[in-house]
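Enquirer: After the structure tokens below, expect a handful of questions from me.
The values are calculated or read from the model by the stated rules, or taken from the named source; none is laboratory data. Please read these numbers as outputs of a predicted model, since none were measured by experiment. For neighbour counting, all protein chains shown are included, and Cβ atoms are generated from backbone atoms with ideal geometry for every residue, glycine included.
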Amino acid sequence: MESHYHHLEKMSAGEIITHINKEDQSVPSAVEKVIPQITPLIEAVVDKMLAGGRLFYIGAGTSGRLGVVDASECPPTYGIPHGIVVGIIAGGRNAMFNAVEFAEDDMAQAWKDLTEYEINENDVVVGIAASGSTPYVIGGLKKCRENGITTGSISCNFYADISREADFPIEVEVGPEFVTGSTRMKSGTAQKLILNMISTAVMIQLGRVEDNKMVNMQLTNDKLIARGTKMLLEKIKLNSTEEAKALLLKYGSVKKAMDMWLKDHHA
């Protein structure tokens, strides 16, 4: 795909970031076009999770890292146990911080990685690959389908190879990157937006959000404790901020604190 820009080394810093920003602005509209592809995948994940299943992301390089990040943010944000949403990257934990040579080229490794989690038909596996041709991801999805496991995919090319191995393929075309082949840019942004949509919509539909509040968030720092205290004061009649904070810390989440207070005051 032909780049829109040439001789980047001759541009000033201001010119470089102006052009990057211009390209980035095209990403949300590209994602908007594939909402009809994203929606049925979300619905399938919710159905499987309500039956006790899990959501797995598999990918290599930037795509794998984005999956790991999205999965790792679900427990603190929504209070779900670790292991309900799982991100797996080709090359393992070390690949989050360092390039692992040829890890993405092994067609068999993703299935080996998934079997360590006792993957089964209750689960959903979403493969992420900007090019849509990563062997690690294709091999993993193929084995999942052979074993009756629901699959989805996120790629940034039309007619991507991984789409053929996905029950719910998502293909978001973002056009050429500002730096040719640097898929951590627009492609990575598109994948991040779609992953945000998937995990957020799933958690809301599973009842992990009330109104627009993260009532199940983990209280891992002072900022979140203050936010949770404010939520309690808005939802139930307490005498003071100190009382709300004490109630929150006693039960560990806004949801549990609110439920126990309502139970005690309606007994």
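Enquirer: Can you pull out every residue in the stretch 104-129 that is modelled with pLDDT under 95 and surrounded by 21 or more Cβ atoms within 10 Å (Cβ to Cβ)?
Expert: The answer is Glu104, and nothing else.
The rows are residues; the columns are (1) among the β-branched types (Val, Ile, Thr); (2) under 19 Å from the mean Cα position of the chain (by Cα); (3) closer than 24 Å to Lys33 by Cβ.
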| site | (1), (2), (3) |
| --- | --- |
| Ser133 | no, no, yes |
| Gly139 | no, no, no |
| Tyr159 | no, no, yes |
| Phe168 | no, yes, yes |
| Leu193 | no, yes, yes |
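Enquirer: Let me ask another. Name the single residue that is surrounded by the fewest Cβ atoms within 10 Å (Cβ to Cβ) among those in the stretch 30-46 being farther than 12 Å from Met197 by Cβ and of a type in the set (D, E, K, R). Step through it out loud before you land on a result.
Expert: Narrowing the stretch 30-46 to residues farther than 12 Å from Met197 by Cβ: 30, 33, 36, 40, 43-44, 46.
When the remaining residues are screened for being of a type in the set (D, E, K, R), the result is 33, 43.
Numbers: Lys33: 11, Glu43: 14.
Ranking the candidates gives Lys33 first.
Enquirer: Shifting gears a bit: Inspect all residues belonging to the stretch 211-221 and state whether any of them is in contact with a helix residue (DSSP H, G or I) (Cβ under 9 Å, 6 or more places away or on another chain) and in a strand (DSSP E or B).
Expert: yes
Enquirer: In this structure, is Ile225 of a type in the set (A, V, I, L, M, F, W, C), touching a residue at least 24 places away in the same chain (Cβ under 8 Å) and assigned to a helix (DSSP H, G or I)?
Expert: On the way: of a type in the set (A, V, I, L, M, F, W, C): yes; touching a residue at least 24 places away in the same chain (Cβ under 8 Å): yes; assigned to a helix (DSSP H, G or I): yes.
Criteria met by Ile225.
Enquirer: I'm trying to understand the selection: among the residues of the stretch 227-253, which are β-branched (Val, Ile, Thr) and modelled with pLDDT under 85?
Expert: Just the residues of the stretch 227-253 that are β-branched (Val, Ile, Thr), to begin with: 229, 236, 241.
Ile236 - this is the single residue of the stretch 227-253 that is β-branched (Val, Ile, Thr) and modelled with pLDDT under 85.
Enquirer: Against the conditions (1) in contact with a Cys (Cβ under 8 Å, 6 or more places away or on another chain); (2) over 19 Å from Val45 (Cα atoms), where does Leu114 fall short? Just the number, please.
Expert: It fails just one condition, (2).
Enquirer: Something else about it: Filter the stretch 103-142 for residues that are in a loop (DSSP other than H, G, I, E, B), within 23 Å of Lys186 (Cα to Cα) and in contact with a helix residue (DSSP H, G or I) (Cβ under 7 Å, 6 or more places away or on another chain) and give the result. Break it down stepwise before answering.
Expert: Taking the stretch 103-142 and keeping what is in a loop (DSSP other than H, G, I, E, B), we get 106-108, 116-123, 130-134.
This time we only want the ones that are within 23 Å of Lys186 (Cα to Cα), so: 130-134.
Selection gives Ala130, Gly132, Ser133, Thr134.
Here is a yes/no grid of residues against (1) part of a loop (DSSP other than H, G, I, E, B); (2) touching a residue at least 12 places away in the same chain (Cβ under 8 Å):
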| position | (1), (2) |
| --- | --- |
| Lys192 | no, yes |
| Lys237 | yes, no |
| Glu243 | no, no |
| Leu247 | no, yes |
| Lys256 | no, no |
| Trp261 | no, yes |
| Asp264 | no, no |
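Enquirer: Identify, please: which residue in the stretch 47-72 is hydrophobic (A, V, I, L, M, F, W, C) and assigned to a helix (DSSP H, G or I) and is, among those, surrounded by the most Cβ atoms within 10 Å (Cβ to Cβ)?
Expert: Residues of the stretch 47-72 hydrophobic (A, V, I, L, M, F, W, C): 49-51, 55-56, 58, 60, 66, 68-69, 71.
Subset that is assigned to a helix (DSSP H, G or I): 49-50, 66, 68-69, 71.
On the way: Met49: 21, Leu50: 11, Leu66: 26, Val68: 19, Val69: 14, Ala71: 22.
Result: Leu66.
Enquirer: So, one more: Hey, among the residues in the stretch 1-29 that are among the polar types (S, T, N, Q) and part of a loop (DSSP other than H, G, I, E, B), which one's surrounded by the fewest Cβ atoms within 10 Å (Cβ to Cβ)?
Expert: Let us first name the residues in the stretch 1-29 that are among the polar types (S, T, N, Q), namely 3, 12, 18, 21, 25-26, 29.
Narrowing the set further to residues that are part of a loop (DSSP other than H, G, I, E, B) leaves 3, 12, 25-26.
Numbers: Ser3: 13, Ser12: 8, Gln25: 10, Ser26: 14.
Applying the filter and picking the extreme gives Ser12.
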